[in-house]
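The values are calculated or read from the model by the stated rules, or taken from the named source; none is laboratory data. All values derive from a computational prediction rather than experimental measurement. A quick note on method: Cβ atoms are made from the backbone with ideal geometry, for glycine too, and the neighbour counts reach across all protein chains shown.
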């Protein structure tokens, strides 16, 4: 079996990808049923220009690293021994470990729990393959060409099936580790979760780097996660990005909600030279509810970018979206939050809010809340603020004996704490609480 | 206790205090009244050390020590307390966490025994009761969603916990109904002792029915233009300020 793609490059052998100039061929021996999706994704990818500031979606990102880059396509051979599980936050969970984008069975745990089925695309049965194809097809429509590249390249993927009416008490913990063992690598990953009718689950995606101090990292990680919520299912989803300061990650999370489905989604990000996450939520069944929370804490030279797109395709759905960031040093954050109410989506109820604190005059935040409304009987609100820490509040704390530095710290943490309360999982909450404290400890 | 001499201060190039002098002995209560814009709130801000309020002349000492060169938090540690006219709302920081940080810092500075969490909680709940605040307020964000009266009572509650030597109450009575006014007054009276002094800034004589001041001063255009006993407040209530200002 040869599961690879050939990229030709003027100077070097196969499996080299020059983003500026590449050719692509799809070998016939990959998962046959996945081929159409990958071919389509590839066509979309080559049909689009290379990401640069000229493209709206990438306007605030530094994409210089893509120019003349020679990414080696990860060959799927990973060194599983070097993996150090100490960064994992769950001891007792259904754990799937991915090293450099590849599923590592030996490091995964409890994957045979009752009510849940975890399989690789390559081992999926006919019925599962049909389901995966159907879900992947919904994911085709999107703007990010690097995600299209991911979808073209990912020759395999992970499928998690939560059976109908099952309440999975253990969290489903997806631990992605960037090993930093090699350089100039391109990692891809495809995840599809199907939450069966009436099921309840918690999905925690945790992205880390193995060697946090490595500064010789020119790797690029691409990823797509799709969660499909069938009727009346309920999913608590977390995506925690805590990578090394040199890592670059471009990912997309798509959630599809059927009628009466309920989603709580929580995003947290610090670290990374570039962390770009596209979040899409499609309300496809009536009376679905989505609650999205996001916290971003870039510092030094980092860039964090969240593009959210919530589509109310049908009537009576509800969205609550709250994102907050504290932008320190010379770092940058972008929040682009769009809520799109389709023509027939009457009685939609959507609220979007984004608040930012700028800690220095070198820090940069670009925020753009957008409402696109084609129905006439809806409740929608959106707002965004950018501010510095309130002088009056600092003074108030000072008059109570708390010095300025500590006051700033307390106020910053307080600003984030308000959203941290949305993290219902106690372990995640505790973990993030400590992360936030540590992350904001240098404020002065 | 507090000695202010010829204090001059400006905000953004506008001189507000123009040579204000005031002496307060331990245990005394001084009321400061005066028309709008006379500099009453500015006096509180200047004494407590708010950024942007620049002292251009004169001096102020607390227990013999110069306070004007100190940061706001250092003045608080030395026993100065300002109850705000408009207390600030701080969502995300709980009253409990805030108060504990404040009390710990101040006690530590003053060399007092630190309060362990249990005795701190016990005391905080007791003080809440004294000012008629539901102890559940301690769990909420600082002043978050509090009514005007609740915010003022919270200020008094903080004052009780911090045990300051000089308390400045900046129009704590404004916006309060009669019941809340009494609660605040009772709180202040309960804190009175021979080593604690108060400056009560107010527009109305009403509060002084409940808290009897030792002295009343009239502030006008950045200076004290008349001082007297508690009967002066009654006279002001009756005649207004213009008769003094014209004199």
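For every residue, the table says whether it meets (1) surrounded by 15 or more Cβ atoms within 10 Å (Cβ to Cβ); (2) at pLDDT 95 or above; (3) more than 22 Å from residue A:395 (Cα to Cα).
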{"residue": "B:12", "(1), (2), (3)": "no, no, no"}
{"residue": "B:19", "(1), (2), (3)": "no, no, yes"}
{"residue": "B:22", "(1), (2), (3)": "yes, no, yes"}
{"residue": "B:37", "(1), (2), (3)": "no, no, no"}
{"residue": "B:51", "(1), (2), (3)": "no, no, no"}
{"residue": "B:57", "(1), (2), (3)": "no, no, yes"}
{"residue": "B:72", "(1), (2), (3)": "yes, yes, no"}
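How many of the residues making up segment A:421-434 are surrounded by 21 or more Cβ atoms within 10 Å (Cβ to Cβ) and either within 12 Å of chain B (Cβ to nearest Cβ) or part of a helix (DSSP H, G or I) (or both)?
2
Being part of a strand (DSSP E or B), crowded, with 21+ Cβ neighbours inside 10 Å and touching a residue at least 12 places away in the same chain (Cβ under 8 Å) narrows it down to one residue among B:93, B:46; which is it?
Of the residues listed, the single one that is part of a strand (DSSP E or B), crowded, with 21+ Cβ neighbours inside 10 Å and touching a residue at least 12 places away in the same chain (Cβ under 8 Å) is B:93.
For residues that are part of a helix (DSSP H, G or I) and in contact (Cβ under 8 Å) with a residue 24 or more places away in the chain, tally how many sit in segment A:131-149.
Here the count works out to 12.
Can you give me the number of residues within segment B:85-102 that are more than 13 Å from residue B:141 (Cα to Cα) and more than 7 Å from chain A (Cβ to nearest Cβ)?
Residues meeting the conditions: 3.
Is segment B:164-183 home to any residue that is part of a loop (DSSP other than H, G, I, E, B), over 15 Å from the mean Cα position of the chain (by Cα) and either at positive phi or buried (at least 18 other Cβ atoms within 10 Å of the Cβ) (or both)?
Scanning segment B:164-183, I find at least one residue that is part of a loop (DSSP other than H, G, I, E, B), over 15 Å from the mean Cα position of the chain (by Cα) and either at positive phi or buried (at least 18 other Cβ atoms within 10 Å of the Cβ) (or both), so the answer is yes.
Among the residues of segment A:155-197, count how many are in a loop (DSSP other than H, G, I, E, B), under 21 Å from residue A:241 (Cα atoms) and in contact with a helix residue (DSSP H, G or I) (Cβ under 9 Å, 6 or more places away or on another chain).
Adding up the residues that qualify gives 6.
Looking only at segment A:372-405, which residues are part of a helix (DSSP H, G or I) and more than 8 Å from every other protein chain (Cβ to nearest Cβ)?
Residues satisfying the conditions are A:394, A:405.
Residue check: is residue A:408 more than 7 Å from every other protein chain (Cβ to nearest Cβ) and under 27 Å from residue A:334 (Cβ atoms)?
Taking the combined requirement at face value, the residue satisfies it.
Taking residue A:265 as meeting all but one of (1) assigned to a strand (DSSP E or B); (2) in contact with a helix residue (DSSP H, G or I) (Cβ under 8 Å, 6 or more places away or on another chain), write down the number of the exception.
(2)
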